[in-house]
Amino acid sequence: MDAANGSQNSEQTLDSEVKAFFDSAPPLHNSNDIIQKLNHFIQLNSSPSENGVGRRIVCVTSGGTTAPLEQRCVRYVDNFSSGHRGATSTEYFLKAGYAVIFLYRRGSFQPFCRSLPDDPLLECFESTEGLNIQVREAYSKAVKTAIVDHHALPFSTVFEYLQMLQIISRPMKDIGPRAMFYLAAAVSDYYVPWKDMVEHKIQSDGSYLLDVKLVQVPKMLSVLRKDWAPLAFCISFKLETDTNILLNKARGALEKYNMHAVVANELSTRKEKVVVVTIDDKITVTRDKSKADDDVENPLIKLLSQRHSAYIEDSKRMR
Ligand code: PAZ
C-alpha cells in the first residue's frame with residue numbers, strides 16, 4: 001500500500017468511527033434549545049462593532065468527561081480535572097476582550113467563583129421595593145460579565161461533550177479565524193459504545209472478574225480541524241505525569257491533529273508552569289510567584305491571545 005492510499009484508508013476508518021460514535025450516542029435532551037441560545041450568543045458577539053471588526057470568540061472546554069458503564073448509569077470511568085484551568089482561563093479571556101463559550105463538566109470549577117461570595121444568590125443581590133431585586137454594587141461587574149459575555153454549557157458524559165463540541169463548531173465555523181478552541185477538558189480516551197452497554201446496574205454477585213470492553217474514542221481533534229471549523233485557531237492540552245515523555249507527546253499531538261499549539265503540563269506542577277509547544281517554538285510559561293494571587297493562566301492567555309491576533313492578520317493577508 002502506498003502512502004497516499006494508507007492515509008486515505010485511515011481517514012475513511014476515522015470517518016466511519018466518528019459516524020458510529022454519533023449514531024450510537026444517546027441524543028441530547030435539549031439540543032434545539034442549546035442551538036438556538038448558542039446561535040444568538042455568537043450572532044450578538046460576532047457582529048461588527050464601531051471599528052467594523054467583530055469580536056473574537058473562544059470556546060473553552062473544562063473538566064473531565066465520564067464514560068458510563070451502564071445506560072441507566074450508576075458507575076462510570078472518570079477523567080481527572082477539577083475545572084480550575086478552564087474556569088480561570090475564561091476569566092483571562094474575558095479580560096482580553098473575548099466572548100467565551102464555556103463548555104464545562106457539571107459540578108466543576110466555574111469562572112468568577114473567586115470574585116463572588118460563597119453563596120452568590122444570597123449575597124450578590126438585594127431586594128428593593130416590592131418584588132424588585134438588584135445586584136449589589138460590589139458584585140455588579142462580575143455578575144454582568146457572567147451574564148453578558150460568557151455562555152455556559154454543562155456536560156457529564158463523553159457523549160454529551162462531543163455532541164456539544166460539534167454543535168458549537170457549526171456557528172464558530174462561520175466566524176472563521178476569529179474563532180478559537182481552547183480545549184482544556186480531559187476527554188475520555190476509551191468508552192463503551194451505547195449499543196454495547198448493559199441497560200441496568202452491573203451486578204457484583206457471581207464472577208470474580210468484571211468484563212467490560214472499552215473501545216477507543218475517535219480522534220475528534222482531527223475532525224474539528226479538518227471539517228468542523230477548519231479556520232479556527234485551535235489549542236489543545238496534553239497532561240502527563242511522566243515529565244520524560246511530556247514534550248514528545250505534546251509535539252506528537254501537535255502534528256497528528258494539526259493543532260496551532262499544544263499546552264503541555266505535568267499533573268503536580270500544572271498550576272505553576274506549562275509549556276506551549278508550536279511548530280517552531282517551545283515556550284515555558286510560569287506563574288509570577290512574586291504576586292500571591294497570580295495564575296499561570298494570566299501569561300498563558302496573554303501569549304495565546306497575541307498568537308491568535310497574529311493568526312487573524314496572517315489569514316487576512318492570505319485571502
Ligand atoms: O482542571 P484542572 O485545572 O484540575 O487540570 C487541568 C488539566 C490538567 C486537566 C488540563 O490542563 C489538561 O491538561 N487537559 C487535557 C488533559 C489531557 O487529556 O491530556
Verdict on residue 103 being in contact (Cβ under 8 Å) with a residue 12 or more places away in the chain, touching a Cys at 6+ places or on another chain (Cβ under 7 Å) and closer than 30 Å to residue 48 by Cβ: yes
Conditions (1) more than 16 Å from the ligand (Cβ to nearest atom); (2) in contact (Cβ under 8 Å) with a residue 12 or more places away in the chain; (3) farther than 30 Å from residue 227 by Cβ; (4) of a type in the set (Phe, Trp, Tyr); number of the one not met by residue 194: (3)
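So which strands (runs of 3 or more DSSP E) stay within the range 226-319 end to end and still have 1 or more residues that are within 22 Å of residue 58 (Cβ to Cβ) and modelled with pLDDT under 95?
Values: elements: 233-240, 261-266, 273-277, 282-286.
Of the strands (runs of 3 or more DSSP E) lying wholly inside the range 226-319, none has at least 1 residues that are within 22 Å of residue 58 (Cβ to Cβ) and modelled with pLDDT under 95.
Please state which one of 122, 131, 103 is closer than 29 Å to residue 167 by Cβ and aliphatic (A, V, I, L, M).
Only one candidate passes the filter, namely 103.
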Number of positions in the range 94-111 that are in contact with a helix residue (DSSP H, G or I) (Cβ under 7 Å, 6 or more places away or on another chain) and farther than 24 Å from residue 39 by Cβ: 1
Spans of helices (runs of 4 or more DSSP H) in the range 88-189 with at least 3 residues of a type in the set (D, E, K, R): 158-174
The range 57-87, subset in a helix (DSSP H, G or I) and crowded, with 21+ Cβ neighbours inside 10 Å, residue nearest to the chain's Cα centre (by Cα): 86
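The values are calculated or read from the model by the stated rules, or taken from the named source; none is laboratory data. The shown structure was predicted, so the numbers you read here are calculated from the model rather than taken from an experiment. In this analysis, Cβ positions are derived from the backbone assuming ideal geometry, glycine residues included, and neighbour counts consider all displayed protein chains.
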